[in-house]
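First the structure, in the form of structure tokens, and then the observations on it.
The values are calculated or read from the model by the stated rules, or taken from the named source; none is laboratory data. Just so it is clear, the structure is predicted and the values come from calculations on it, not from any experiment. When we count neighbours, we look across all protein chains shown, and the Cβ atoms used for this are built from the backbone with ideal geometry, even at glycine. Accessible surface is based on the protein model in full, side chains and every heavy atom, while ligands, DNA and RNA are left aside. Shrake-Rupley method; radii C 1.70, N 1.55, O 1.52, S 1.80 Å.
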Amino acid sequence: MECNSCNQEDCAAKKRGSEETDKEYEERKRLYSRLCRIKKKILVLSGKGGVGKSTVAVNLAFSLRKAGYKVGLLDTDIHGPSIPTMLGLNGKRPSMDPDGMVPLDVHGVKVMSVGLFLRDEDEAVIWRGPLKMGVIKQFLMDVKWGDLDYLVIDSPPGTGDEPLSVCQLIGDITGAIIVTTPQRVSEVDVRKSITFCQRLNVPVLGVVENMGSFACPKCGEVTKLWGEGAGQKISGDMGVPFLGSIPLDPQLAYFCDAGKVFVEEFGETATGRSFSEILKPILERDQK
Ligand code: ADP
């Protein structure tokens, strides 16, 4: 397959690596021809599961779309692909055309999730490492994103082989957002995620503190749960930017479970605005 995405002679896809087999070179060209039409690739990471990584990935992707960008959302979390549930896509299958898979369109965001191809939630649990990597690779090679300003990637949790493979396959990741809860015990996880990014030369865009405060559904008041600035303190100690804080908000939890996008309907609440605040420094950085 010839990659015609750009006409740059120095494009990495035009040079075959000395160790590469024919198959590997063909696969890399196919992968690059998909990914090089995407201007910015943002990885959403967390040191462990359950801290709200997918919630943040979904709402940041839709906030970017609301800000006028062409956006894709890619869920590579093979063991806990929660994005189909969060977007009400369970049971839907992306359509195939001879050239690849067409992402689903949700309110103007192109969405693709490994979960859309699993027969049941437990299927991936029995797969061995190489099979999982093969599935992720095939998946990345075959999705037809077209031209995008941003691709938001929901990474598998932790810092093990699966997020590592995702980063290596995608290659030039613009930067990573690390999601954490604000307790001091989370410091270890944040540190691991930062080391992971440094090892792979992925710039850390910053840390997002999730559920460090409580947004009252009755009066809208936001109350700190761990005292002032716990998230800032963690990122300050680690020497990475602090991007902002998202309150624990019962309405947000309800929307995730109901398959609805919170920022589409509640973009102007304190919680909704917290997502656009997090994006501000990232967009400013990208506009420089
Ligand atoms: P992860 O991707 O880190 O495993 P999820 O994004 O799937 O975590 O979130 C885990 C659960 O916590 C989900 O049920 C989600 O709705 C809920 N949740 C995450 N962030 C918030 C929040 N800020 N307020 C309320 N519920 C939240």
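For the stretch 103-212, taking Cα atoms only, Rg and Dmax work out to 15.3, 42 Å respectively. Residue ranges 178-187, 151-160 sort as 151-160, 178-187 when ordered by packing (mean number of other C-beta atoms within 10 Å per residue, highest first). If one computes the Cα centroid of the stretch 169-184 and of the stretch 38-57, what distance in Å separates the two points? Distance between centres, Cα-based: 6 Å.
Which angle from 0 to 90°, rounded to the nearest 10, does the C-alpha axis of helix 22-35 make with the longest principal axis of the chain? Compared with the principal axis, the helix lies near 40 degrees. Using the rule -39500 (n - 2.57) for each DSSP H run of four or more residues, divided by the residues of the chain, the 222 nm mean residue ellipticity is -11500 deg cm²/dmol.
Spherically averaged projected area of the convex hull of Cα atoms, the chain: 15.7 nm². Assuming R0 = 35 Å, can you tell me the calculated FRET efficiency for the pair Cys219 and Lys288, based on Cβ-Cβ distance, to the nearest 0.05? The value I calculate is 0.35.
Gln251 sits among other residues whose Cβ lies under 12 Å from its own Cβ, and their net charge, with Lys and Arg +1 and Asp and Glu -1, is -1. Between Trp127 and Asn201, the simple spin-label model (points 7 angstrom out along Cα→Cβ) gives 2.8 nm. Highest-first packing order for the peptide set 57-70, 272-285 is 57-70, 272-285, based on the mean count of other beta carbon atoms within 10 Å.
Note on the stretch 149-238: Cα-only Rg and Dmax are 15.1, 46 Å.
Would you please give the FRET efficiency between Lys39 and Lys280, computed as 1/(1 + (r/R0)^6) with r the Cβ-Cβ distance and R0 = 25 Å, to the nearest 0.05? It comes out at approximately 0.85. Relative to the dominant Cα principal axis of the chain, helix 270-287 is inclined by about 50°. Taking the centroid of alpha carbons for each part, the stretch 62-103 and the stretch 138-165 are 11 Å apart. Surface analysis of the chain yields an accessible area of 47 Å² per residue, using protein heavy atoms and a 1.4 Å probe.
The slack in the chain from Glu20 to Trp226, taken as 0.36 nm per residue of separation less the alpha-carbon distance, amounts to 69.0 nm. Could you tell me what % of all Cα pairs in the stretch 184-288 have separations over 23 Å? When every Cα pair of the stretch 184-288 is considered, 36 percent fall beyond 23 Å.
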